[in-house]
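Engineer: Please see the structure below; I have some questions.
The values are calculated or read from the model by the stated rules, or taken from the named source; none is laboratory data. The shown structure was predicted, so the numbers you read here are calculated from the model rather than taken from an experiment. Note: ideal-geometry Cβ built from the backbone for every residue, glycine included; neighbour counts use all protein chains shown. Just so you know, the surface numbers come from the protein's heavy atoms only, side chains and all, with ligands and any DNA or RNA stripped out. Shrake-Rupley method; radii C 1.70, N 1.55, O 1.52, S 1.80 Å.
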Amino acid sequence: MSDDVQKVILQLPASAEYVDIVRLNLYGIASKMGFTYEDIEDMKVAVSEACNNSVLYAYGQKDGVVDVIFEVGAKSLSITVKDEGESFDGLDSSGERMTLHDKELSDVQVGGLGFYLMQALMDEVSVVSETGKGTVVTLTKRLNFTEEKV
Amino acid sequence: MNTHKSEKFQAKTETEGSVCTVFLSGELDLSVAPDFRLVMEPLVGDKGLDLVINLKELRYIDSTGIGILLSILKARHGLEVKFSVVEVPSQIQKLFDMTGISKFFAPQEDSH
């Protein structure tokens, strides 16, 4: 099995105005790999949510950077979003309870949906948050070759 | 270098009688959330308006955008006045369904 993984690394200011640059790069890489339009749209949302978390919670008012590492494999794309700021709490790896399906409008909390979306839209999600060392979110999407069964 | 904003988010408001429609286009994300809030602020509390948000030309929305729609929904619901979200593109509808927000956007039954 060839496990050759090639990396594309992007470093950006931790600012909301740069999150679309991550989406543009993601689009380029994922379409080149042959992902479907729908998969690319899913990944755009998930990766943006990971970046939003870093932009919003990692550095407070201070300037900081976000590293985005695209790992291009033969069968999958992994995107790691990394900051070196404060780790963010309240990341519940189950994610399930974040949805609004069983809630009345009066019970709905604005916010908290980002992490749920990452989980729902990607094949694998890992979040490692260490106090004082920042947060690393890794999102993986596998290429599906459903139409090319041999 | 231009200050870079996400794919030209725009909110255009058209009022016809008591119906006020806000047409969104481009990408609604964290970077333009304050702009969107600013457009909506005077409209949300206006009880005389039948408020409609049209998403036909919206290319992308993130959880920040969904959160703003939710807070508008809650405010309008609290005032017991009309609010609807129409012409939702399929990719965005998928996110609405996933998060469970769609059920709140379903056409409201009015007492006739």
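Engineer: Working carefully through the options A:Leu77, A:Leu10, find the one that is in a strand (DSSP E or B), away from chain B (no Cβ under 14 Å), in contact (Cβ under 8 Å) with a residue 24 or more places away in the chain and surrounded by 17 or more Cβ atoms within 10 Å (Cβ to Cβ).
Structural biologist: A:Leu77
Engineer: Here's a follow-up. Within segment B:49-66, how many residues are within 14 Å of chain A (Cβ to nearest Cβ) and either more than 12 Å from the chain's Cα centre (by Cα) or part of a strand (DSSP E or B) (or both)?
Structural biologist: Residues in segment B:49-66 being within 14 Å of chain A (Cβ to nearest Cβ) and either more than 12 Å from the chain's Cα centre (by Cα) or part of a strand (DSSP E or B) (or both): 6 in total.
Engineer: Look at B:Val39 and say whether it is under 28 Å from A:Phe115 (Cα atoms), surrounded by 13 or more Cβ atoms within 10 Å (Cβ to Cβ), of a type in the set (A, V, I, L, M) and more than 14 Å from chain A (Cβ to nearest Cβ).
Structural biologist: Yes.
Engineer: Right, another one. Would you check which residues across segment A:106-131 are open to solvent by less than 60 Å² (accessible area, probe 1.4 Å), away from chain B (no Cβ under 14 Å) and modelled with pLDDT of 90 or more and list them?
Structural biologist: A:Val125, A:Ser126, A:Val127
Engineer: Right, something else. So, in segment A:39-74, how many residues would count as being open to solvent by less than 10 Å² (accessible area, probe 1.4 Å) and either within 15 Å of A:Gly85 (Cα to Cα) or part of a strand (DSSP E or B) (or both)?
Structural biologist: 8
Engineer: Checking the structure you have, find out if any residue of segment A:82-104 is at pLDDT 70 or above, open to solvent by 20 Å² or more (accessible area, probe 1.4 Å) and under 14 Å from the mean Cα position of the chain (by Cα).
Structural biologist: yes
Residues checked against (1) assigned to a helix (DSSP H, G or I); (2) buried (at least 18 other Cβ atoms within 10 Å of the Cβ); (3) at the interface with chain A (Cβ under 10 Å from one of its Cβ atoms):
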| residue | (1), (2), (3) |
| --- | --- |
| B:Leu30 | no, yes, yes |
| B:Lys47 | no, no, no |
| B:Lys74 | yes, no, yes |
| B:Ser84 | no, no, no |
